[in-house]
Structure formats: structure tokens, C-alpha cells
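Student: Have a look at this one before I ask anything.
The values are calculated or read from the model by the stated rules, or taken from the named source; none is laboratory data. The structure presented is a predicted model; accordingly, all values stated were derived computationally and were not measured. Virtual Cβ from ideal backbone geometry, glycine too; neighbours counted across all protein chains shown. Surface accessibility is based on the protein's heavy atoms, side chains included, excluding ligands, DNA and RNA. Shrake-Rupley method; radii C 1.70, N 1.55, O 1.52, S 1.80 Å.
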Amino acid sequence: MTPDEWDNANDPQQMLTFLRDTGRLSDRKARLYCVAVCRRVWPMMRDERSRRAVEVAEQFADELPGGESLTIASAEARQVKRLDHGPDDACGEWAATAALHAAWLDWFGSKYGYNSAVYTNRTACHAAASRDVPPSTPECRKAADAEQAAQATLVRDIFNPYYTLPPLLKLSNIDIVNLAQAAYDDRTLPAGTLAAARLAALADALEEAGCTDDELLGHLRSPGPHVRGCFALDLVLGRS
Ligand SMILES: [Zn+2]
């Protein structure tokens, strides 16, 4: 993909494929992307076990609980997916499936990353598209397109394959790292969106410390949405 194609893409799978093929799809970021798309369909997860699976998957991305916690949460999410959701709750079944995909420890014995991200975004998209309209209708297709576009925006928040930190830019100032960590921790739940004011304050601090990188500062000052895994915030925190 060219930079222009990346900036204008509305197909998250195409973007994830590009990231995989260029070696930029870390397991951590793939999982945080899965969590972000699941949080978009949070109200459709009728069962607490699905929501819990997404929360544990999110914690696991930053290695807070061990794999055992995720295995348990994943097994519980699978039980929800297997429930009879009935013909009137297709979106609930899709949302439960998305939560399950987000919470796999790995992908049937291989790396978590690409397949889990693709299936999570696909099933979450089905959930969003079938919330208010009948399946296989033009309205459903339109809703799916809108959800895919929103998911593509999340991909662009978490990944920026065309940006590299300028070699002379130092981001290790302890005050800056503390500001960045506070921005990572302070979220609106259950949406999971980061506080724009904290990211803007981080950009101001970076600028005061000598950062003149327009792309980094511009992203932090943009309205977002920003979520955990945001490429600019991750760079400051030294995460990938
Ligand atoms: Zn961001």
C-alpha cells in the first residue's frame, strides 16, 4: 500500500494484511486492535463473560495476568458463543463471537496476530451491521461499510507503517513518560477511548522538551479516537 492508499483505506483486512506482510503486526498491537473493535460493540455483548474476556485480553496484551487467566476467560467466552441466541439476536451472537476471537491465547497453536485480528474485526463488523437492520439488505451493507471505516480508523491509530521516530528525538524524560502513562491509564469506559486532553498535554510537554516532529505532535493533538496501542503514545512509552 502507498501512503495515500493507507490514509484513505476503509478495509481493515487489507490494512492488516499489509502490516503482516511488512512485519509490523506485533501480537500486542493485534490484540489491542481486537479489543478496540470489540469495545465498539460492547452493548451487544449480552453476557458478562464476553465482556470479561475482552477485558482480560486487554490486560494480557500488556502482560498483567498470565496465560492461564486468558485461557479461563476464553473458555467462558466460548460457552457464551455456544448459547442459543435465537433468530432475533444475530448481533448478540456475532458480538459474542468477536469477544471469543479477541480472547484466544493463540490461533490454534500458531501466532495470535493476523488471523485473530481479521476474524475479530469481521465478526464485530457483522454485529454492528445487524444491530438495527435485517441481514442481507442494502441498509445492512451500508452499516457494515460504516463499521469497517470506523475499524480502519482504529487501525490507523494503532499502526503507522510510514512513521519512524527521528533518530535524535529523545523521549526518555521521566516527566514525559509519567504524562504518557497517565494518558494510557485514563480512559472512557467501556468505549476504551483515551482522554484527548491528556494526549494534548503530552504533546505540549514534548514540544517544550524540544520535539518539533509535526507528525507525532499532530497525531497526539488530533481528535482521534485514540485507544490503547495508539502508535504515537506507544512510541513515547517505548512499546511496540
Ligand atoms: Zn492515537
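Student: Only one of these is within 15 Å of the ligand (Cβ to nearest atom) and in contact with a Gly (Cβ under 7 Å, 6 or more places away or on another chain): Thr188, Thr193. Name it.
Tutor: Only one candidate passes the filter, namely Thr193.
Student: If you don't mind, there's one more thing I want to ask. Consider Leu220 against the criteria (1) more than 10 Å from the ligand (Cβ to nearest atom); (2) closer than 30 Å to Arg51 by Cβ; (3) without any contact (Cβ under 8 Å) to a residue 24 or more places away in the chain; (4) crowded, with 19+ Cβ neighbours inside 10 Å: it satisfies all of them except one. Which criterion is unmet?
Tutor: It is condition (1) that Leu220 fails.
Student: Filter the helices (runs of 4 or more DSSP H) completely within the range 60-143 down to those with at least 3 residues that are free of Cβ contacts under 8 Å to residues at least 40 places away in the same chain and within 29 Å of Phe159 (Cα to Cα).
Tutor: Here the list reads 67-81, 113-129.
Student: From Leu233, Leu206, which residue is away from the ligand (no atom under 13 Å from the Cβ), surrounded by 19 or more Cβ atoms within 10 Å (Cβ to Cβ) and of a type outside the set (Asp, Glu)?
Tutor: Leu206 is the lone residue from the list that is away from the ligand (no atom under 13 Å from the Cβ), surrounded by 19 or more Cβ atoms within 10 Å (Cβ to Cβ) and of a type outside the set (Asp, Glu).
Student: What is the one condition in (1) within 14 Å of the ligand (Cβ to nearest atom); (2) open to solvent by less than 30 Å² (accessible area, probe 1.4 Å) that Arg156 does not satisfy?
Tutor: (2) is the only condition that Arg156 fails.
Student: Taking the condition more than 19 Å from Ala191 (Cα to Cα), among the small types (Gly, Ala, Ser) and open to solvent by 40 Å² or more (accessible area, probe 1.4 Å), does Ala73 pass?
Tutor: Spelling it out, it is not the case that Ala73 is more than 19 Å from Ala191 (Cα to Cα), among the small types (Gly, Ala, Ser) and open to solvent by 40 Å² or more (accessible area, probe 1.4 Å).
Student: For the range 18-42, how many residues are surrounded by fewer than 16 Cβ atoms within 10 Å (Cβ to Cβ), in contact (Cβ under 8 Å) with a residue 60 or more places away in the chain and in a helix (DSSP H, G or I)?
Tutor: Number satisfying all stated conditions: 0.
Student: Conditions first: (1) away from the ligand (no atom under 12 Å from the Cβ); (2) of a type outside the set (A, V, I, L, M, F, W, C); (3) within 21 Å of Ala150 (Cβ to Cβ). His226 passes all but one, so which condition is the exception?
Tutor: Answer for His226: the failing condition is (1).
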